[in-house]
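Visitor: This is the structure I want to talk about, given as structure tokens.
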Amino acid sequence: MGRNKNEYHLELDIGDARILITMSGGFFDLRGKDAYKSSVHSHSSFEVHAVIEGEGVLETEHGSYTAEGGELLIVPPGTVHKGFAISDGIKTSFSFSIVKNAKRKGLVFSRFSSVLSKTEEVVKLSGGRKYTEYLEHIFYEYYSKNICSEERLSSFFGLLVTDLFYDLGAECEGGQDDGRYTESEDCNLIRSVMEEYVTVSFNKTPRLGELASAVHLGERQTARVFRQCFGESFGEYVMRARLDAAKYLLANTDKPLAAIALDTGYLSYNGFFKLFKKKTGISPEEYRRQNREENV
């Protein structure tokens with residue numbers, strides 16, 4: 001590890017993979033509305049742009065990419081781009097490369113290399129507060145220079161990098177097929193968090209982005225994991241939960257139909273009526289009548 005006025009270098013071992021990290025120009029930039037981009041350039045390593053606050057734009061040979069607070073843009077080696085421009089916010093950038101540590105055994109290097117080989121264009125990761133929290137810890141340890149700060153820096157960078165590689169792998173083709181969320185304790189834990197989220201919010205406005213933040217994954221990755229765990233999409237699961245609740249209320253209470261519609265998350269009775277009939281083949285009134293007759 002080394003630091004000077006303009007650059008910060010870190011060598012981090014994760015299993016048999018050695019991660020080489022470089023941060024240039026300080027850890028973070030505070031930009032004003034008149035700040036603009038750097039000249040056109042490329043790197044021989046991967047470059048990460050993280051937005052802590054505000055919004056920024058990265059322009060590459062393939063197009064423009066925007067990122068907001070809590071989002072990261074991963075730029076592959078050799079990609080020609082203009083430096084990340086941000087107005088009225090905070091961003092940080094660092095580059096990394098990976099080599100095999102011949103003195104250590106393991107499969108981390110091959111797995112990381114497999115993920116990176118699939119990253120051919122800029123990838124945006126939506127990690128919510130996960131990455132910004134890591135970076136805030138890194139900022140603090142770097143500038144505080146307290147006892148064990150160097151060790152804590154390595155630890156926080158290790159957490160950031162391992163999460164980054166996992167999320168990056170899930171965003172790339174084939175990265176979701178590693179089986180991590182099938183028949184595992186991780187799946188059980190994530191499944192319980194997802195079920196709890198839908199249970200307490202299905203009659204409000206459940207959002208995939210909120211669920212993604214709760215399980216510390218990107219939105220696209222959360223959508224894939226949700227389908228793997230439940231066999232249906234997030235939207236389909238929420239719809240089924242609403243219909244199940246509506247059926248129970250119709251069969252077991254005397255609540256007005258309009259009130260049941262509102263209690264199960266529908267903004268209007270008309271919307272509730274159309275969906276209920278489409279999914280069940282009968283109207284809510286008919287469902288209530290049939291179930292009352294069966295219970296008599």
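Visitor: Look at K100 and say whether it is assigned by TED's automatic domain parsing to the domain that holds E11, surrounded by fewer than 21 Cβ atoms within 10 Å (Cβ to Cβ) and charged (D, E, K, R).
Guide: Criteria met by K100.
Visitor: Output the number of residues of segment 91-111 satisfying the condition of being out of contact with any Lys or Arg (no Cβ under 8 Å at 6 or more places or on another chain) and either of a type in the set (K, R) or under 21 Å from I138 (Cα atoms) (or both).
Guide: 10
Table: residues versus (1) assigned to a strand (DSSP E or B); (2) at pLDDT 85 or above; (3) touching a His at 6+ places or on another chain (Cβ under 9 Å).
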{"position": "K5", "(1), (2), (3)": "no, no, no"}
{"position": "H9", "(1), (2), (3)": "yes, no, no"}
{"position": "I19", "(1), (2), (3)": "yes, yes, no"}
{"position": "Y36", "(1), (2), (3)": "no, no, no"}
{"position": "G56", "(1), (2), (3)": "yes, no, yes"}
{"position": "L73", "(1), (2), (3)": "yes, yes, yes"}
{"position": "P77", "(1), (2), (3)": "no, yes, yes"}
{"position": "I98", "(1), (2), (3)": "yes, yes, no"}
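Visitor: What number of residues in segment 103-124 are of a type in the set (S, T, Y) and buried (at least 18 other Cβ atoms within 10 Å of the Cβ)?
Guide: Number of matching residues: 1.
Visitor: What residue, of A223, A212, A246, is touching a strand residue (DSSP E or B) at 6+ places or on another chain (Cβ under 8 Å) and either in a helix (DSSP H, G or I) or at pLDDT 85 or above (or both)?
Guide: When all the criteria are applied, what remains is A212.
Visitor: Right, another one. In segment 112-140, what residues are in a helix (DSSP H, G or I), touching an Asp or Glu at 6+ places or on another chain (Cβ under 8 Å) and without any contact (Cβ under 8 Å) to a residue 60 or more places away in the chain?
Guide: Within segment 112-140, Y134 is the sole residue that qualifies.
Visitor: Note down all Cβ pairs under 8 Å where the first residue falls in segment 146-164 and is more than 19 Å from V123 (Cα to Cα), the second is of a type in the set (V, I, T) and surrounded by fewer than 20 Cβ atoms within 10 Å (Cβ to Cβ), and they're at least six residues apart or on different chains.
Guide: G158/I14
Visitor: Another question, if that's okay. Do the conditions hold for F96, that is, is it in contact with a Leu (Cβ under 6 Å, 6 or more places away or on another chain) and closer than 19 Å to L135 by Cα?
Guide: No.
Visitor: Same structure, new question: hydroxyl-bearing (S, T, Y), surrounded by fewer than 17 Cβ atoms within 10 Å (Cβ to Cβ), outside the structural domain of K204 (by TED's automatic domain parsing) and over 30 Å from E210 (Cα atoms) - does that describe any residue in segment 257-279?
Guide: Checked segment 257-279: no residue is hydroxyl-bearing (S, T, Y), surrounded by fewer than 17 Cβ atoms within 10 Å (Cβ to Cβ), outside the structural domain of K204 (by TED's automatic domain parsing) and over 30 Å from E210 (Cα atoms).
Visitor: While we're on this one: Tell me yes or no: at least one residue of segment 83-92 is surrounded by 14 or more Cβ atoms within 10 Å (Cβ to Cβ), in the same structural domain as S44 (by TED's automatic domain parsing), at pLDDT below 85 and of a type in the set (D, E, K, R).
Guide: The answer is yes; a qualifying residue exists.
Visitor: Still on this structure, I have one more. Would you check if there is a residue in segment 138-151 being at pLDDT 80 or above and either in the same structural domain as L217 (by TED's automatic domain parsing) or under 21 Å from the mean Cα position of the chain (by Cα) (or both)?
Guide: Checked against the condition, which is being at pLDDT 80 or above and either in the same structural domain as L217 (by TED's automatic domain parsing) or under 21 Å from the mean Cα position of the chain (by Cα) (or both), segment 138-151 yields at least one hit.
The values are calculated or read from the model by the stated rules, or taken from the named source; none is laboratory data. Just so it is clear, the model here is predicted, and its values are computed rather than measured. Cβ sites come from the backbone with ideal geometry, for glycine too, and all protein chains shown count toward neighbours.
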